[in-house]
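Here is the structure we will look at, set down as structure tokens.
Here, each number is a calculation from the coordinates, and none is a lab measurement. Note that the coordinates shown come from a computational prediction; the quantities given were computed from them, not determined experimentally. Every residue, glycine among them, receives a Cβ derived from its backbone with ideal geometry; neighbour counts consider all protein chains shown.
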């Protein structure tokens with residue numbers, strides 16, 4: 001898990017907040033220039049957790065780059081500990097400055113509310129990302145944020161990367177995090193019914209002891225704890241510094257593999273209308289060179305638009321904290337710390353659309369294969385492939401798409417073969433060194449037999465209820481309304497039920 005705020009930001013949250021001037025009477029921020037947030041995959045912006053700590057000149061310079069790059073949505077943080085360092089005393093000055101500057105530039109805002117103050121943290125938790133002792137106190141603070149910035153902030157993220165110890169100390173806790181959702185959601189909605197409340201905010205990565213919980217497991221446990229009514233969209237941070245997002249479909253627990261599995265969880269829970277947002281994505285240029293950072297970001301922008309459940313995509317972040325540093329958190333910027341643009345800035349200036357191969361898959365609209373789950377990826381035999389909720393599609397020749405329902409597709413993957421025809425009328429033919437036919441329905445399961453049986457099969461037999469097997473000197477396949485057998489020197493015989 002990547003800690004979203006580095007040592008500089010954490011130090012500011014933990015140590016310097018006590019010295020911030022406070023005010024008992026909040027000052028409201030008013031502006032007529034409010035930009036609505038578009039909940040679509042083409043909504044592209046910056047995630048900038050650093051801007052909260054900037055001075056006036058730095059905020060102005062940052063917003064200027066947002067405008068120059070035609071950014072219309074940004075994701076910022078408002079740390080609870082940075083506003084209410086002492087209980088009941090509020091300093092909104094830093095948040096006011098950022099919100100007002102973005103609103104004046106007609107930029108919509110996604111706001112992550114994080115960072116428990118010392119006085120509100122659980123006894124065994126370390127700030128700034130220690131769990132609150134009272135979810136109710138956290139919920140009350142989110143309501144104060146919503147009251148102050150109603151009509152100025154379009155969406156609220158509840159916490160940040162709670163599935164890792166660096167985001168939720170002393171240990172990730174899906175049930176405890178769900179309590180935050182339950183405390184915040186109704187309060188925010190009561191103040192601003194139009195606001196979007198975003199849950200999860202999950203980081204990619206594998207489960208590792210008590211340090212991290214993979215996002216699929218964490219989401220599953222959120223649902224088990226009753227999270228479903230308390231978020232309008234799910235947020236995900238699909239970081240990987242070793243591969244493009246689109247290249248992970250053949251690797252277990254890659255960011256895109258976890259995305260697909262999380263979407264399956266949502267569909268199983270009846271949450272199909274909810275979208276998944278990427279509120280952070282990027283690659284630090286101390287880990288990859290600037291050309292690779294640009295390539296990763298271009299791939300992410302293009303790939304993300306292939307998914308019908310995809311919401312806004314926020315790139316982390318605007319500018320390096322220190323371009324000479326070897327720390328990851330210092331080097332995520334699309335600009336260097338001296339405001340010299342990196343190659344990725346040109347990608348943002350002219351963002352790519354989906355690849356041409358995606359358009360061919362998009363033309364396949366058979367609803368029986370369900371919602372698109374994955375981007376188009378290069379599968380075995382270098383064949384373009386796409387997962388759908390109820391099946392898999394392959395482009396076996398340019399412009400020729402064949403599809404199989406998930407149980408049949410799983411068989412194809414297990415045998416490392418490709419189908420010759422699209423699944424239709426309950427069966428599908430496969431090639432390879434030993435061609436065969438697969439019959440399938442939810443009632444009969446997947447059953448297979450060699451091509452000799454397929455040639456003699458007639459629909460009146462119904463679907464196979466057993467696979468080909470040797471019984472009493474003959475190879476036998478049973479069907480819903482009959483039997484087929486094969487014997488040496490005799491061939492295939494068909495016996496239909498009366």
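Annotations for the structure displayed:
- Residue 208/residue 413 FRET efficiency (R0 22 Å; Cβ-Cβ; nearest 0.05): 0.20
- Inter-label distance, nm, simple model (7 Å from Cα along the C-beta direction), residue 60/residue 397: 6.5
- The range 154-175 and the range 232-301: distance between their alpha carbon centers, rounded to Å: 18
- Exposure proxy for 266, 243: other Cβ atoms within 10 Å of each Cβ, ordered fewest to most, give 243, 266.
- Contact order normalised by residue count of the range 7-354, Cα under 8 Å, 6+ apart, percent: 15
- Dividing the alpha-carbon radius of gyration of the range 435-498 by the rule-of-thumb value 2.2 N^0.38 Å gives 1.01.
- Spin-label pair residue 469/residue 123, simplified geometry with 7 Å Cα→Cβ offset, distance in nm: 6.1
- On Cα atoms only, tilt of 56-68 relative to the major axis of the chain in degrees: 30
- Rounded to 5, the percent of DSSP beta bridges in the chain classed as antiparallel: 60
- Crossing angle, helix 135-148 versus the chain [Cα axis fit, 0-90 degrees, rounded to tens]: 70
- To the nearest ten degrees, helix 215-224 and the longest principal axis of the Cα atoms of the chain are 90 degrees apart.
- Gyration tensor (alpha-carbon) shape descriptor, the range 7-354, a/c threshold 1.5: rounded
- Between residue 365 and residue 35, the simple label model (points 7 Å from Cα in the Cβ direction) yields a spacing of 3.2 nm.
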